[in-house]
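For reference, the structure is listed below as structure tokens.
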Amino acid sequence: MKRLQTRLAAFFLAAVILIGMLPARAEAAQSSKPYLIKVNKKMCTVTVYKQDKKGQYTVPVKAMLCSTGADTPIGTFKTPAKYRWRLLMGDVWGQYCTRIVNGVLFHSVWYYEQDPSTLSNRQFNNLGKMVSHGCIRLNVEDVKWIYDNCPLGTTVVIYNSDNPGPLGKPKGIKVSEASKMGYDPTDIWSPNNPYVKKKPTISGAKNKTIKYGAKNVKVKDNVTAKSITGENITSSIKAYITFQGKKVSKVDTKVAGKYTVTYKVKDALGKSAEKSVTYMVVDDVKPTLTASGDLYWNKDKKITRSAVMEGIKAKWHGKSYDSKKVTYKVKVEEEEKGLKVYLVNYTVKTPNGKSAKTERRIYVDTQAPVLEGVTDFEAVVEDESQIPGILDKEALKEELFVEDNFSDLGIEDIDVEVMPLEEGYYKVTYTIKDEAGNKTVTEAMVHISFKKEEMPGDNGTSEDTGNSGNNEGGDSNNNESTGSDGDTASEAQK
């Protein structure tokens, strides 16, 4: 029994050992060091890699700007020690130091004293250049990240290459050198650091009134920005424009209204600023409203919108404007027998509050013109060449008279049409129309005949008549003959 218990215990122990070994084997591919640090000495760039699924350090996670030096060693090293503050060559101090090899450290830009307010501003602005004595200088944010996240024994590879690395070379941060020392702007852990509470500034962004149709409106013109360190970051400004609650690509000066322009900028420290202004596009262009002239209607036309709007044109900004926006009022101005005069006032108002007005009259004339003097007549001509003169339209109107209750009409307004009928007969139609379209139509019949020619027989009759006279004269002659006879007789008597 005791032997059996021993065997069972040995079995369970082996099982526990086996189970305990399984996770260890599964994790064997992953190193206890989460990161690999590579320093490109030539390009002054630090790139931090983490492990991929196979445990290889191939995944870049962070790039840092650094300063190296001619004496920075090339090779592969493992970090052996760390120091919160460390006295450096030249009796200066570094923060958050991690030793790489021998006297070479990762450390902050040096300080004149063990005081975060005594940073060398000039050396801070040299980050990205080979100016160190061999150490790897970084800003506080980056060097503290290595200090906090990379345990002792982390591998550091220092090499030379023209390629800064997969994440590129970060842009440096500049501080003012008006004083030789100050704070590292990335050192958010120093409670008295004035940069901590600072934000980038945006200047020149102002509310503006833009005239309708203005050209070359650029919202970034004269707008500048500075980082918390006073560096010019104007090129990083982004402008966002909204109109009536929607994002738009520009301030459209042909669409009046309020545009909100929001400027945003972020500096190299990731600090941002934002400012919004209003661009008011003001439209002070007045519309125009024109009427083609007064209207003259007869009794058949009624006052409807479509009729009253005939010949009314509205324009705005040189383009046709919706006539449906035009309103009008009609009132009777005068009234007499056969004629009623309406005064119509038109108004159009555009969205900018500007308006235009015009007016005209509508003459409703219910009486047709009076045409007098139209009569039938006959004419006798000697030959056909005289006919056109008789049927001349102007000649046919000469004796006529026109009268109207409103329109100023004369015989020149009469339209004459001549239609030939049977031989020698013509129908003449006279039409007179007033401005309202009332018309009077009157017809007349014209008969044209030719003068009859005298025949030879007719001339003989005339001669007979003369002979008859001669006969009478003959009678006289007879008398004279008788007298002659008498004379003769007398003579005889004598």
If each part is reduced to its alpha-carbon centroid, region 28-84 and region 394-455 end up apart, in Å, by 116 Å
Counting sequence-distant residues (5 or more places) and residues on other chains, those with an amide H built under 5 Å from that of T154 are T79
Taking the chain and counting helices only, DSSP H stretches of n ≥ 4 at -39,500 (n - 2.57) each over all residues, the nearest-500 ellipticity at 222 nm comes to -6000 deg cm²/dmol
Residues whose built amide H sits under 5 Å from the amide H of C135, excluding neighbours closer than 5 in sequence, are L105
For E310, placing the label point 7 angstrom along Cα-to-beta-carbon and taking region 338-374, residues whose amide nitrogen sits under 20 Å are 338-347, 358-369
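Mind ordering 172-180, 92-100 by average Cβ neighbours within 10 Å, highest first? It would help to have the intermediate numbers written out before the result.
Values: 172-180: 14.4, 92-100: 22.0.
Ranking the peptides 172-180, 92-100 by packing returns 92-100, 172-180.
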Rg (one decimal) and Dmax (whole number) from the Cα set of region 206-282, in Å, equal 13.6, 41
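Over the chain, what per residue volume does the convex hull of the Cα atoms give, in whole Å³?
Convex hull of Cα atoms, per residue: 526 Å³.
Quote the FRET efficiency, to the nearest 0.05, computed for A214 versus S323 with a Förster distance R0 of 41 Å and r equal to the Cβ-Cβ distance.
Details: r = 29 Å, r/R0 = 0.70.
For R0 = 41 Å, the calculated efficiency reads 0.90.
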Residue span W145 to K197: 0.36 nm per residue of separation minus Cα-Cα distance leaves a gain in nm of 16.6 nm
Other residues with Cβ under 14 Å from the Cβ of V330 give, with Lys and Arg +1 and Asp and Glu -1, a net charge of +2
Candidate span helices, the chain: DSSP H, at least 15 Å along axis from Cα coords, Kyte-Doolittle average at least 0.5, result 2-26
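Hey, could you grab the Kirkwood Rh for region 146-226? Inverse mean 1/r over distinct alpha carbon pairs, Å, one decimal.
It works out to 18.7 Å.
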Counting Lys and Arg as +1 and Asp and Glu as -1 over every other residue whose Cβ sits under 14 Å from the Cβ of D383, the net charge comes to -1
Reduced to Cα centres, the span from region 114-179 to region 192-243 in Å works out to 30 Å
Summed over the other residues with a beta carbon less than 12 angstrom from that of L127, with K and R at +1 and D and E at -1, the charge totals +3
Note, region 419-427: 3J(HN,Hα) by Karplus (6.51, -1.76, 1.60, θ = phi - 60°), whole Hz, Gly/Pro = x, goes 10, x, 10, 6, 3, x, 10, 9, 9
Checking rank on 246-253, 231-238, with mean other Cβ inside 10 Å and highest first, the result is 231-238, 246-253
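Quick note: the coordinates plus some simple rules give every number you see, no bench work behind them. Please read all numbers here as calculations on a predicted model, not as lab measurements. Using ideal geometry, Cβ is built from the backbone for each residue, glycine included, and neighbour counts are taken over all protein chains shown.
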